[in-house]
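Worksheet: one structure, shown below.
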Amino acid sequence: MLDELKAKRKELSSGNFRDRHFNAGSILLGGGVLLGIEGAMNTYMRVGKLFPGPHLFAGASIVILWALAAALTPAMQKGNDNARSAHIALNSINVGLFLWQVPTGWEIVLKVFQFTEWP
């Protein structure tokens, strides 16, 4: 039994999943923060104000939770299981917030199209 677990661990560690996860997470974090700020700036530049509502608050919460989840990386690298569990929990909440944010974003897109003059 122990030999089987060691063999499975060796097989999984050779796949570089940790590095691939770190790289994908870094791209998601960088792109997500960039688009989160860009979305708010775009709205402000177009209409001169932000519209406090579910979409804005969910987006801000997502960016904050991404930063908190990323901040747990050093502790996870040292083997802290509580940090790993918190990282998973924060990102699970993020997925839920993102899925909840999609319909509110669609409403905004439809409203922008409504007030857009097309050539």
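Observations, loosely collected:
- At 1.567 mPa s and 4 °C, Stokes diffusion of the chain via Kirkwood alpha-carbon radius, µm² per second: 76 µm²/s
- Residues in the stretch 56-69 carry Karplus couplings, in order, of 5, 5, 5, x, 5, 5, 4, 4, 5, 5, 4, 5, 5, 5 Hz; the curve used is 6.51 cos²θ - 1.76 cosθ + 1.60 with θ = phi - 60°, and Gly or Pro positions show x.
- In order through the stretch 15-20: 3J(HN,Hα) via Karplus (6.51 cos²θ - 1.76 cosθ + 1.60), integer Hz, x for Gly, Pro: x, 6, 5, 4, 5, 5
- When only Cα pairs below 8 angstrom with a gap of at least 6 residues are kept, the stretch 1-106 shows a relative contact order of 24 percent.
- Across the stretch 1-67, Cα-Cα pairs farther apart than 20 Å form 52% of the total.
- Accessible area of the chain divided out per residue, in Å², using a probe of 1.4 angstrom: 80 Å²
- Span per principal axis, largest first, for the Cα atoms of the stretch 64-119 (Å): 57, 18, 13
- Those lysines that a straight Cα-Cα span of less than 27 Å connects to LYS6, excepting residues fewer than 8 apart in one chain: LYS78
- Inter-probe distance in nm under a simple model that places probes 7 Å from Cα toward Cβ, at THR104 and LEU34: 2.4 nm
- Given charges at beta-carbon only (K, R positive; D, E negative), |dipole| of the chain in Debye: 240 debye
- Between SER85 and ARG18, the FRET efficiency from the beta-carbon distance, with R0 = 25 Å, is close to 0.95.
- Integer Hz, Karplus 6.51/-1.76/1.60 couplings in order for the stretch 74-89, x for Gly and Pro: x, 5, 5, 5, 8, x, 6, 5, 5, 5, 4, 5, 5, 4, 5, 5
- One chain, two ends: GLU117 and MET45. Fully extended at 0.36 nm per residue, the span grows by 24.2 nm beyond their Cα-Cα distance.
- Element breakdown for the stretch 1-54 at a 1.4 angstrom probe: carbon and sulfur atoms account for 66% of the accessible area.
- Sequence-distant lysines (8 or more away, or on other chains) whose Cα lies within less than 22 Å of LYS111: LYS49
The values are calculated or read from the model by the stated rules, or taken from the named source; none is laboratory data. All of these numbers come straight from a predicted model, not from anything done at the bench. Neighbour counts are summed over all protein chains in view; Cβ atoms, including those assigned to glycine, are modelled from backbone coordinates with ideal geometry. SASA here: full protein model, heavy atoms, side chains in, ligands and nucleic acids out. Shrake-Rupley method; radii C 1.70, N 1.55, O 1.52, S 1.80 Å.
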